[in-house]
């Protein structure tokens, strides 16, 4: 459990570690998958996680996060709610990677939402709400791509 006395910088460093873990997962999996389009998808996801890390590190340095969470769609289609994920291996398809990534973004959203609730009434609540919105936006983007690539009629 995270203590209420934790500082903004300490919490953001925890969040950076989570983004690094996500990056490492996508990057290492991209090195073992055989399908070229799946490899490309994983590398794109890894780049996004690295961008998340840079955003968090910038917040640590600048202590500004007002623009975080802007332009995020209000609602998700909820596609990920009906999909089941599995661990990624060398035979993972692009569809499996997208499902996995949607579920990971959902976990990240829940992580930041829980942290926001834990720090309700503090400055950290606002920050975590914005970080949760960022993760929600990534999930929605993946859901939109999934619908376009796998659910639309040909």
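The values are calculated or read from the model by the stated rules, or taken from the named source; none is laboratory data. As the structure is a prediction and not an experimental result, all values here were calculated from the model. Note: ideal-geometry Cβ built from the backbone for every residue, glycine included; neighbour counts use all protein chains shown.
Right, residue 90: touching a residue at least 24 places away in the same chain (Cβ under 8 Å), part of a loop (DSSP other than H, G, I, E, B) and more than 12 Å from the chain's Cα centre (by Cα) or not? Let's see the steps before the verdict.
Details: touching a residue at least 24 places away in the same chain (Cβ under 8 Å): yes; part of a loop (DSSP other than H, G, I, E, B): yes; more than 12 Å from the chain's Cα centre (by Cα): yes.
Against the criterion (touching a residue at least 24 places away in the same chain (Cβ under 8 Å), part of a loop (DSSP other than H, G, I, E, B) and more than 12 Å from the chain's Cα centre (by Cα)), residue 90 qualifies.
Counting the residues of region 1-39 that are under 20 Å from the mean Cα position of the chain (by Cα) and over 23 Å from residue 134 (Cβ atoms) gives 3. Within region 97-121, the residues that satisfy the criterion of being without any contact (Cβ under 8 Å) to a residue 24 or more places away in the chain and either in contact with a strand residue (DSSP E or B) (Cβ under 9 Å, 6 or more places away or on another chain) or on the phi < 0 side of the Ramachandran plot (or both) are 100, 103, 107, 110, 113, 114, 116, 117, 120. If the Cβ limit is 6 Å and pairs must be 6+ apart or interchain, which residue in region 132-144 that is modelled with pLDDT under 85 pairs with which residue that is buried (at least 22 other Cβ atoms within 10 Å of the Cβ)? From residues that are modelled with pLDDT under 85, the pairs are 138/105. Screening the candidates 88, 131, 127 for the property of being buried (at least 18 other Cβ atoms within 10 Å of the Cβ) and either more than 25 Å from residue 54 (Cα to Cα) or touching a strand residue (DSSP E or B) at 6+ places or on another chain (Cβ under 6 Å) (or both) yields one hit, 88.
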